[in-house]
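The values are calculated or read from the model by the stated rules, or taken from the named source; none is laboratory data. Only a predicted model underlies this, so the values are computations on that prediction, with no experimental measurement involved. For neighbour counting, all protein chains shown are included, and Cβ atoms are generated from backbone atoms with ideal geometry for every residue, glycine included. Just the protein is used for accessible areas: all its heavy atoms, side chains included, with ligands, DNA and RNA removed. Shrake-Rupley method; radii C 1.70, N 1.55, O 1.52, S 1.80 Å.
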Amino acid sequence: MKEKNKILAISGSTRVQSTNLNYIRAIAQLSADIFEIKIFQGLTDLPHFNPDLDIEFLTAPEVVKSFRQLLREADGILICTPEYAMGVPGTLKNAIDWTISSCEFMHKPTALVTASSQGSKGHVSLIETLNIIEAMMTPATQLLIPVAKTKINSELKILDEKTLNELNSLIQELHHLALNKKESF
Ligand SMILES: Cc1cc2nc3c(=O)[nH]c(=O)nc-3n(C[C@H](O)[C@H](O)[C@H](O)COP(=O)(O)O)c2cc1C
């Protein structure tokens with residue numbers, strides 16, 4: 001049996017009943033034969049980013065080190081997030097800011113799903129952030145799902161055929177990027 005790609009998934013919403021968390025779980029089911037998805041649980045444990053805590057002669061906080069280690073160990077990253085007030089949720093942006101100088105996203109196969117009421121501004125903004133930190137993405141690993149709550153049910157079934165096809169394409173493309181990266185070493 002082929003080894004599965006290890007994917008670290010991050011939900012930009014920390015709500016218990018989060019639609020984005022459900023999209024992550026749905027993606028985990030759809031990709032069960034190729035991905036082993038671990039959901040990062042520590043978003044709200046990360047301190048506010050402060051470059052003073054992250055300079056060479058000081059060590060970063062332990063929770064930050066653990067987060068970076070999880071990112072480094074993953075073959076790929078999956079982010080599912082809502083848009084808040086036309087932007088990226090602060091907790092998610094805070095987590096990403098901790099990786100800017102340590103470069104865990106650099107050349108890392110990454111997929112972004114923005115599942116929100118509308119979401120386009122947050123989606124574009126996060127793509128810009130991920131591009132500047134050199135995450136490995138293609139258009140097929142970037143998916144905006146507007147009116148997202150209506151397209152998935154509580155049993156994690158994707159109710160909208162177009163969205164289901166787009167999610168399957170995103171999974172295949174993330175798999176493709178992860179495989180190519182492994183083969184290039
Ligand atoms: C404080 C707050 C601000 C929001 N702002 C936006 C917004 O700017 N654009 C948008 O599309 N949805 C916005 N929403 C709605 C969320 O996108 C929607 O509730 C989404 O399902 C939340 O994701 P979750 O279920 O994973 O928590 C906002 C929700 C909250 C709680």
Quick check on L112: is it modelled with pLDDT of 95 or more, away from the ligand (no atom under 11 Å from the Cβ) and not β-branched (V, I, T)? yes
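Listed here are the residues, each with its yes/no results for (1) closer than 21 Å to L46 by Cα; (2) of a type in the set (A, V, I, L, M, F, W, C); (3) out of contact with any strand residue (DSSP E or B) (no Cβ under 9 Å at 6 or more places or on another chain).
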{"position": "I79", "(1), (2), (3)": "yes, yes, no"}
{"position": "P89", "(1), (2), (3)": "yes, no, no"}
{"position": "A95", "(1), (2), (3)": "yes, yes, no"}
{"position": "V113", "(1), (2), (3)": "no, yes, no"}
{"position": "S120", "(1), (2), (3)": "no, no, no"}
Quickly run through the stretch 90-117 and pick out the residues that are without any contact (Cβ under 8 Å) to a residue 12 or more places away in the chain and of a type in the set (A, V, I, L, M, F, W, C). none
For a quick check of your reading: which strands (runs of 3 or more DSSP E) sit entirely within the stretch 1-117 and have at least 2 residues that are open to solvent by 60 Å² or more (accessible area, probe 1.4 Å)? 35-39
Hey, among the residues in the stretch 118-136 that are touching a residue at least 40 places away in the same chain (Cβ under 8 Å) and outside any helix (DSSP H, G or I), which one's nearest to the ligand (Cβ to nearest atom)? A135
Going by what's in this entry, would L177 be described as open to solvent by less than 60 Å² (accessible area, probe 1.4 Å) and either within 13 Å of the ligand (Cβ to nearest atom) or closer than 24 Å to S18 by Cα (or both)? no
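Looking at the stretch 1-40 only, could you name the residues that are within 15 Å of the ligand (Cβ to nearest atom) and of a type outside the set (A, V, I, L, M, F, W, C)?
S11, G12, S13, T14, R15, Q17, S18, T19, N20, N22, Y23, R25
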Show the residue pairs that are 6+ apart or on different chains and have beta-carbon atoms under 8 Å apart, the first residue being within the stretch 1-21 and over 20 Å from R68 (Cβ atoms), the second being open to solvent by 70 Å² or more (accessible area, probe 1.4 Å). K4/D33; K4/E36; T19/K149; L21/R15
